[in-house]
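Data block below; observations after.
Derivation of every value follows stated rules applied to the coordinates shown; laboratory data play no part. It should be emphasised that the depicted structure is a prediction, and the values quoted were computed from it without experimental measurement. Counting neighbours? That spans all protein chains shown, and the Cβs are built from the backbone with ideal geometry, glycine included.
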């Protein structure tokens, strides 16, 4: 699944140790600007410190994510886990309007000695 969102807040990274090794989790809060009432989404990035480091608050991104739920001590917890993030491409800037092509002005057809006034000195 995907959504477009503007970065509101980047929370500090949390690290830990598990049976599979060291892990790092960081949460980034996005706002969906195209909604009538701004909806915030807290997105979890697991072991993606480089991706999070490139994010800028206030910038618009496309976030690809999965939703995961798990049960712990008879309570359910749901995570929105990002697996890809890309900056939203702004509208391409149209090329500058070039000047119209240069067209040479037509030259009058003069015939030698036919009413031509030569005002140049000899």
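Each pair of Cα atoms in segment 2-87 enters the Kirkwood radius, and Stokes-Einstein at 37 °C and 0.692 mPa s then converts it into a translational diffusion coefficient of 239 µm²/s.
Between residue 9 and residue 44, the simple spin-label model (points 7 angstrom out along Cα→Cβ) gives 1.8 nm.
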